[in-house]
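Here the structure is laid out as structure tokens; the discussion comes afterwards.
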């Protein structure tokens, strides 16, 4: 009984499918076209036959002086012979079979053509429907099948399937990033919470003394948790486009001079040289100074972390007609191939950087979101001397 039901459901779905509708629609169009052509040809044949009979009668009367009565008798005799000939032809098995085969071919050919055409048009949509159903079920690896003919084509169906596959790829990447982010957030929160819990239990059990030193350590782990939560909130707001920015016009050189001054002491402690190259004309931008300071601070902290002693960190500002570019270069190890593609992922840390070195792995993710909120771009570029980060911001006409 279940097998009968499954067969019934299968055929009911088939009968309600777009392929079935297209097949019968195209068959109807083909049959209508064939019948219309046959009617036109038949009408032309009747007109031709009547004209032939009329002019033949006129020629016989004028040229051979045949009386009208004899002409009518001649036409009737010819009509009888034609009818008898047709009857004999239909009685002949070979002729009858040929006529039957021609009729069947006339019916089947449009039906086969309609089935083939509808299958050609409906199959990509059927595959697309299956892939969409898989995605709604949570399988983001589903893709619509792209045959070689569809890959060569540039019509709406081919573009639809290509766009769908790109959308599915984006959804799969987002889902993978979501799962990775959830796992990374849990991991990042677990470490300071575990340490806090362990040290608090030690204080409770009398193993550790609750003096100022211990309290400072506990506050340090609490600050780490607070900073991580703040960074996650900032990143979420920026990616959702809900981050409030206090934008105004200002000269970018003022911000660069300020951040150079703030980081100079730290650079000198690490025996690094921090240079700023800027053009004489003012570079005006429209943005939030505090958020842009945060971006530059993240980049400089990374540069300080990866540049060895007696190295160089250089901020170079360039002004173009429509944009302003700031390149921050260092003489460190540079970006690895993995870092080039993954550096902007949440919680990504390069292989040479441990969790103890500080930071949450969110700095570049936050920086990209903040720069994009200013209608700019951030790029990681290879450099012969080390690493290079390029910021591009729209220029404000003075």
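The values are calculated or read from the model by the stated rules, or taken from the named source; none is laboratory data. Please read these numbers as outputs of a predicted model, since none were measured by experiment. Please note: Cβ atoms are built from the backbone with ideal geometry, for glycine as well, and neighbour counts cover all protein chains shown.
Points worth noting:
- Boolean, residue 207 is modelled with pLDDT of 80 or more and outside any helix (DSSP H, G or I): yes
Rundown of residues vs (1) surrounded by 13 or more Cβ atoms within 10 Å (Cβ to Cβ); (2) more than 40 Å from the chain's Cα centre (by Cα), yes/no style:
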residue	(1), (2)
167	no, no
175	yes, no
180	yes, no
186	no, no
192	yes, no
205	no, yes
211	no, yes
221	yes, yes
248	no, no
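- Residue 295 being under 24 Å from residue 370 (Cβ atoms), within 34 Å of the chain's Cα centre (by Cα) and not in a helix (DSSP H, G or I): no
- Annotation: residue 334 fulfils all but one of (1) under 22 Å from residue 347 (Cβ atoms); (2) in a helix (DSSP H, G or I); (3) touching a residue at least 40 places away in the same chain (Cβ under 8 Å); the unmet one is (2).
- Yes/no for residue 61 being within 52 Å of the chain's Cα centre (by Cα), farther than 30 Å from residue 147 by Cβ and either surrounded by 12 or more Cβ atoms within 10 Å (Cβ to Cβ) or at pLDDT 75 or above (or both): no
- When restricted to residues that are within 52 Å of the chain's Cα centre (by Cα) and free of Cβ contacts under 8 Å to residues at least 12 places away in the same chain, the stretch 34-45 contains 6.
- For the stretch 291-330, a tally of residues being within 22 Å of residue 396 (Cβ to Cβ) and at pLDDT below 90 returns 1.
- Among the residues making up the stretch 301-341, those that are farther than 24 Å from residue 281 by Cβ and either within 35 Å of the chain's Cα centre (by Cα) or not assigned by TED's automatic domain parsing to the domain that holds residue 381 (or both) are 301, 302, 303, 333, 334, 335, 336, 337, 338, 339, 340, 341.
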